[in-house]
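The values are calculated or read from the model by the stated rules, or taken from the named source; none is laboratory data. Because the structure is a prediction, the values reported are computed rather than measured. Here Cβ is always computed from backbone atoms with ideal geometry, including for glycine, and neighbour counts include all displayed protein chains.
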Amino acid sequence: MPLDATLSMYSERIEGVPYIKAYTKDECRELFSKFFGEISLDVRYNVIDLPSKRKIKIGIPDEYELGWHLIIKCKKL
C-alpha cells in the first residue's frame, strides 16, 4: 500500500479518516517559499497514543524531532 494511503487509513486512532496528507519539512519549505520569504519550521507534539490513554508525552528532547505537527512561521515577500 502506498505511504499516503497508509497514512490516511491508520494515522488517526480511528480508521476510515477520509484524507490525510503528511509533509516533510523540506516539502513544506518548498510549498511556502512561493509566497513567503523567511520561513522557519519546528517539529512539535512528541506524544504517543496508547490503547488505554491518548496523548502521552514522550520524555525526549525536542531536537530529536519526533512529532506529527510542524509549526511554520513565515514573513511575506
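Quick one: is residue 37 out of contact with any His (no Cβ under 8 Å at 6 or more places or on another chain), among the small types (Gly, Ala, Ser) and in a loop (DSSP other than H, G, I, E, B)? When the stated conditions are applied, residue 37 does not pass them.
Hey, among the residues in region 31-77 that are of a type in the set (Gly, Ala, Ser) and loosely packed, with under 10 Cβ neighbours inside 10 Å, which one's modelled with the lowest pLDDT? Among residues in region 31-77 that are of a type in the set (Gly, Ala, Ser) and loosely packed, with under 10 Cβ neighbours inside 10 Å, the one modelled with the lowest pLDDT is 59.
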